[in-house]
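Asks: I have a structure here, written as structure tokens, and I will follow up with some questions on it.
The values are calculated or read from the model by the stated rules, or taken from the named source; none is laboratory data. Since the structure is predicted, the reported quantities are computational estimates derived from the model, not experimental observations. When we count neighbours, we look across all protein chains shown, and the Cβ atoms used for this are built from the backbone with ideal geometry, even at glycine. Surface areas here come from the heavy atoms of the whole protein model, side chains and all, with no ligands, DNA or RNA. Shrake-Rupley method; radii C 1.70, N 1.55, O 1.52, S 1.80 Å.
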Amino acid sequence: MVVLLLAGFAVRAPAATVEETLARAQAAVNAGDTDAALATYRALLPSLPRNARQRAEVLDELSAIETDAGDYDAAVRDAKAAADVYAALGDGRGRASSLNQAGLAQMYAGSYAIARETLGRALRIATLAGDAEGRVEELMNLASVDFYVGRYTDAAASYDLAARILDEQRAAPWTARRRRILLANRATLDQRLGRYDEALAQYRLALADTANLRPAEHAQMLVNLGVVYRRLGDPYKALAAYDEALPLFARDEQLDAELGVLKNRGIVLALDLGRLVEARATFADAFARATASGNAREALQARLYGAETELRLRNLTAAAREFRAALDEARRLETVEEQWKALYGLARCELALRDVDAAEQHLRAALDVIETIREGIRVPSLKSDFFNDKREVFDAFIALRLQRKAGARELFELIERGRSRGWRDRLRLPAHVELAAVQRALPDDALLLDFWTSSSGSAVIAIGRTSAAVRAISVDTAAVRALADALPRGAASAWRAPASTIARGLLPPLPAAATHLAIVTDGALASIPFELLPEGERLLIERHDVTYLPTAALLLRGATRIRRFAAPWSVQFRGFADPLFRSAALDDPRDVRARLAGSAREVRDVASELGGASRLYLGANDRKAYLDEQDAPPLLHIASHAFVDSGAIEQSRILFSPANAAGAADYLFLKEAYDLPFAQLELAVLSACDTERGRVLAGEGIESFSRAFLAAGAKSTVTTLWRVPDESTAAFMRVFYHHLQLGATRAEALRRAKLRFAHSNTALADPHYWAAFVLTGDGLRPVSTALRWRTLAIALLLVAAAAVAAWIARRG
């Protein structure tokens, strides 16, 4: 795990004249007796005058302790009360420092927007007070908030400003330590963006002179450096970094951190180097140290890692014994995270020993514990990450129930129970998806194909309005990879053979009446266009329109009202294209400097196909800020550079023009796209490279821009699986929007555009030019449309002609 070194909060020490009680409280803090310190400070507060400096200092101390203890509401309350005292005293520095502490507590609580506002206020006050050190603190903490919510450009800007202040104040004694922390945090940002070489260089600079760092800060940098080395494929240097960190944590008496390093060390030995016997010894060392110190939680975790190592060594009896002991201890300590891990470990031992009944019992118990934990998580981002390491528990149980011939209803609800739960929470979709509810949402002529793939087996559940059937399938991963690799290479690629292989193992019989297919993919299946799979002698797209869904629960999302024939002056469309910029900090200039002039034509052509008015943001006006408009029309089209890295998805981004014409390119990062105000958006078309690609996250699915835009409120998206030439993209989009304006459903409009290309008898008939475009979300409804001016004029002329004819008839 990579950890940011927070600038933190510098609590001002009590004055020399502070009463003995206050000194006693401070001594308790220094001794680590936080309960005694809290009790002493709270008892002292009523005796301190309302606007006394000592009162503010006590409130600051209380807030710092409460933050460390996880009592964030109390920490915010006391920090704001301290800020009010400093405001009454006219002490801007003290007020900014207390607000900074409140912002940190809000950040730890996951209230990122509120934390950003509080820290921004602290920064403004510190600036007015001329407090350079305070400004650096607040800027670095603001960067931390932006880091956690995926606003990486803003985080980098805050770090840059903090660096400029440090340069201006280089003679001040406080700057050396702050500069080291800044370098480490810039390295962490580079690491998050997948720029591991840059991160490595930053860490080396930060570690070049550690005289001003506390031992624990030095050690944490080494741990982060070890993570970078692992990412760069050098586990030996990772081990060396961990070994160097251990004595530094010991010097600061940070036993928990020491034990964490030991666990990291064991994981490298076991997973990267396959040195299982050494890993077992490392975990045994961690267990012994934790037990000797009385740290039951760390001892329990070391025992779990040791049991896992025994399982990998195929010492099944020893592994089962250790998992049972861990389960008993986890129940005694009431630590539920360790309970499910122990239950899952036991189940795997029992499956290996062919005790299927006991394995099923323990898997079911593990899933119940997982659900209990999840219900207690309040921070949405944590819920999204929650199933990362738990999908395999669901997979093991589903495989076992499939083997035992469970029915379609049970398997469907199990599959959906472990799929995209964090993403569904963002949309307030139901946690439990019932088969009957999904069937009621399907039209008579639609079929839902819900796929499940895992290392334990694969299946598809074919669901119609009145039927549901389970079918075990075989996924030829080599053919899936071959198809996904062939299509982006260009026309005349060898796609037919792998498509046929995939279809034979994957597709159930499809009823002729099912003209609409809704497909929930899983794992690597998200990387291929099902439209190209053969169904008999024809392709799937020739008989069915296709919509993709991250989860079947999306069918239960409330529908928005579709307006037909709105007034021609109503705004229907926003288009963004042709970004202009002088430089692009995160990208190779050779890849991004070429203007996308064709994209501007694409957007203008699309606007010409639609009725109603349009807002076009082209060239220098192609700015990210305009995405935040609250009165957004129903259609959005973005034609730009996009960069997607499935290995480091945090750096996935769409490029926009800078807010300042002379500045560097601005970016919409994938993570911040989740928070865009798209509640009224019916369709977002991302006509950029690879916007449907992304990292496959266990338990959540593929992290792509389509999911981000849907989570932000868009009802459907059209994205791309690979890069398509600009000219053919523009032609394709014009056909697609033409059919949307005529009233076709979104999926049918996309199908007609694809068939226009496929049957064109030109070079554009090759799937390379049209199969990349996929529709996700609501595909079974049309979009809102408006009248064209010329249509209205013709209608008025006809009405006028009819009126004249009627008048003439009456006169006659």
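Asks: Once fully extended, how much extra length lies between R543 and E434, figured as 0.36 nm per residue of separation less the alpha-carbon to alpha-carbon distance? Show your work: numbers first, answer last.
Replies: Working: separation 109, 0.36 × 109 = 39.24 nm, distance 2.87 nm.
Taking 0.36 nm per residue and subtracting the Cα distance, the gain is 36.4 nm.
Asks: Accessible area per residue for segment 701-812 in Å², computed with a 1.4 Å probe and the full protein assembly in place, what is it?
Replies: 42 Å²
Asks: Please give, to one decimal in nm, the separation of the simple spin-label points placed at A240 and A211, each 7 Å out from Cα toward the Cβ.
Replies: Placing both labels 7 Å beyond Cα along the Cβ direction yields 2.5 nm.
Asks: With a 1.4 Å probe and all protein chains left in place, how much accessible area per residue does segment 70-127 have, in Å²?
Replies: 39 Å²
Asks: Related question: Report the per residue volume, in Å³, of the convex hull enclosing the C-alpha atoms of the chain.
Replies: Considering the Cα atoms of the chain, their hull volume per residue is 213 Å³.
Asks: Tell me, what ³J(HN,Hα) does each residue in segment 306-312 have, in order and in whole Hz, if you take phi through Karplus 6.51 cos²θ - 1.76 cosθ + 1.60 with θ = phi - 60° and put x for Gly and Pro?
Replies: x, 5, 4, 5, 4, 5, 5
Asks: With θ taken as phi - 60° and the coefficients 6.51, -1.76 and 1.60, list the Karplus ³J(HN,Hα) couplings across segment 34-41 in order, rounded to whole Hz; mark glycine and proline as x.
Replies: My calculation for segment 34-41 gives 5, 4, 5, 5, 4, 4, 5, 4 Hz in order.
Asks: Determine the share of segment 648-760's accessible area contributed by carbon and sulfur atoms, expressed in whole percent, with a 1.4 angstrom probe.
Replies: 49 percent
Asks: What FRET efficiency, computed as 1/(1 + (r/R0)^6) with R0 = 56 Å and r the Cβ-Cβ distance, is obtained for S583 and R811, rounded to the nearest 0.05?
Replies: For S583 and R811, the calculated efficiency is 0.15.
Asks: Just to make sure I understand: if all protein chains stay in place, what is the order of R421, R177 by accessible area at 1.4 Å, largest first?
Replies: Order by accessible area, largest first: R177, R421.
Asks: Additional query: Given the -39500 (n - 2.57) contribution per DSSP H run of 4+ residues, what per-residue ellipticity at 222 nm results for the chain, rounded to the nearest 500 deg cm²/dmol?
Replies: Values: 32 runs with 436 residues, N = 812.
The per-residue figure over the chain is -17000 deg cm²/dmol.
Asks: Would you mind counting up the charge near T153? Only other residues with Cβ under 11 Å from its Cβ, with Lys and Arg at +1 and Asp and Glu at -1. Working shown, then result.
Replies: Details: positive: R151, K624, R653; negative: D146, D154, D160, D666, E672.
Spelling it out: positives minus negatives among the neighbours equals -2.
Asks: To test your reading of the geometry: what angle, between 0 and 90 degrees and rounded to tens, separates the Cα axis of helix 53-69 from the longest principal axis of the chain?
Replies: 60 degrees
Asks: Give me the distance between the Cα centres of segment 258-293 and segment 462-517, rounded to whole Å.
Replies: 44 Å
Asks: Turning to a different aspect of this structure: Using the Cα centre of segment 193-284 as origin and beta-carbon charges of +1 (Lys, Arg) and -1 (Asp, Glu), tell me which of L232, T210, F249 is placed farthest towards the positive end of the dipole.
Replies: Most positive-ward Cα: L232.
Asks: Note down, for segment 171-213, the three equivalent ellipsoid semi-axes (square root of 5 times each alpha carbon gyration tensor eigenvalue), biggest first, whole angstrom. Can you show the working numbers first?
Replies: Numbers: eigenvalues 92, 19, 7 Å².
So the three semi-axes of segment 171-213 are 21, 10, 6 Å.
Asks: Relative to the longest principal axis of the chain, what angle (0 to 90°, nearest 10) does the C-alpha long axis of helix 356-375 take?
Replies: 80 degrees
Asks: Return the lysines within reach of K624: Cα separation strictly under 21 angstrom, same-chain partners fewer than 8 residues apart disregarded; answer none if there are no such residues.
Replies: Here the lysines satisfying the reach criterion relative to K624 are K671, K715.
Asks: In square angstrom, rounded to the nearest 10, how much accessible surface does M107 have for a 1.4 Å probe?
Replies: My reading of the accessible area for M107 is about 10 Å².
Asks: Keeping every protein chain present and rolling a 1.4 Å probe, give me the accessible area per residue for segment 223-375 in Å².
Replies: For segment 223-375, the per-residue accessible area is 46 Å².
Asks: Here's a follow-up. Give me the percent of accessible area attributable to carbon and sulfur for segment 419-502, probe 1.4 angstrom. Please list the in-between numbers first.
Replies: Details: 1750 of 3710 Å².
Result for segment 419-502: 47 percent of the exposed heavy-atom area is carbon or sulfur.
Asks: Find the relative contact order for segment 677-766 and round it to a whole percent, using C-alpha pairs within less than 8 Å whose residues are 6+ positions apart.
Replies: 26 percent
Asks: For the residue pair R504 and A352, what label-to-label distance in nm results when each label sits 7 Å from Cα along the Cα-to-beta-carbon direction?
Replies: The modelled label-to-label distance comes out at 3.6 nm.
Asks: I would also like to ask the following. Mind pulling the angle between the C-alpha long axis of helix 726-741 and the longest principal axis of the chain? Nearest 10 degrees, somewhere in 0 to 90.
Replies: Roughly 70 degrees, rounded to the nearest 10.
Asks: Per the 1.4 Å probe, what fraction of the accessible area of segment 25-89, in percent, lies on carbon and sulfur atoms?
Replies: Summing carbon and sulfur atoms, their accessible area is 48 percent of the total for segment 25-89.
Asks: Still on this structure, please answer the following. With charges set only on the Cβ (+1 for Lys and Arg, -1 for Asp and Glu), what does the dipole of the chain come to about its Cα centre, in debye to the nearest 20?
Replies: Rounded to the nearest 20 debye, it is 2480 debye.
Asks: Could you order K671, K263, K237 by accessible surface area, starting with the largest, using a probe radius of 1.4 Å?
Replies: The ranking, largest first, comes out as K237, K671, K263.
Asks: How big is the gap, in Å, between the Cα center of segment 222-249 and the Cα center of segment 26-77?
Replies: Measuring centre to centre over Cα atoms gives 37 Å.
Asks: Order Y203, Y626, most accessible first, counting only protein heavy atoms with a 1.4 angstrom probe.
Replies: From most accessible down to least: Y626, Y203.
Asks: Subtracting the Cα-Cα distance from 0.36 nm times the residue separation, let me have the gained length for A325 to R471 in nm, one decimal.
Replies: 48.6 nm is the gain from fully extending A325 to R471.
Asks: How charged is the neighbourhood of L449? Take every other residue with its Cβ under 15 Å from the Cβ of L449, and add Lys/Arg as +1 and Asp/Glu as -1.
Replies: Result for the local shell: -3.
Asks: Moving on to the next point. Between segment 543-568 and segment 704-767, how many Å separate their Cα centres?
Replies: 15 Å
Asks: Let a ≥ b ≥ c be the square roots of the eigenvalues of the Cα gyration tensor of segment 171-288; is it rounded (a/c under 1.5), or, if not, prolate (a/b larger than b/c) or oblate?
Replies: Judged from the Cα gyration tensor, segment 171-288 comes out oblate (a/c at least 1.5, b/c at or above a/b).
Asks: Could you report the accessible area of T118 in Å², rounded to 10, computed with a 1.4 Å probe on the protein chains as they sit in the structure?
Replies: We get 10 Å² for T118.
Asks: Let me ask something else. Counting alpha carbon pairs within less than 8 Å and at least 6 residues apart, what relative contact order, in whole percent, applies to the chain?
Replies: RCO, the chain: 8 percent.
Asks: Moving to a separate point now. In percent, how large is the relative contact order of segment 390-491, given Cα pairs closer than 8 Å and 6 or more residues apart?
Replies: About 21 percent, as a whole number.
Asks: Here's something else I'd like to know. Give me the number: length gained by fully extending V277 to A661, i.e. 0.36 nm times residue separation minus the C-alpha to C-alpha distance, one decimal in nm.
Replies: Between V277 and A661, full extension yields an extra 132.3 nm.
Asks: Right, here's the next one. Compare the Cα positions of A359, L316, A286 along the charge dipole of segment 237-371 (+1 at Cβ of Lys, Arg; -1 at Cβ of Asp, Glu; about the Cα centre) and return the one farthest towards the positive end.
Replies: Of the options given, the answer is L316.
Asks: What is the magnitude of the charge dipole of segment 457-545 about its Cα centre, with +1 placed on the Cβ of each Lys and Arg, -1 on the Cβ of each Asp and Glu, and no other charges, expressed in debye to the nearest 20?
Replies: 100 debye
Asks: Tell me which of A113, L740, F576 sits at the most positive position along the dipole axis of the chain, charges placed on C-beta atoms (Lys, Arg +1; Asp, Glu -1).
Replies: L740
Asks: Quick one: Karplus J couplings for segment 676-684, per residue in order, coefficients 6.51, -1.76, 1.60, θ = phi - 60°, nearest Hz, x for Gly and Pro?
Replies: With coefficients 6.51, -1.76 and 1.60, one gets 6, x, 10, 4, 9, 7, 8, 8, 10 Hz.
Asks: Hey, got the dipole for segment 40-103? About the Cα centre, +1 on K and R Cβ, -1 on D and E Cβ, debye to the nearest 20?
Replies: 320 debye
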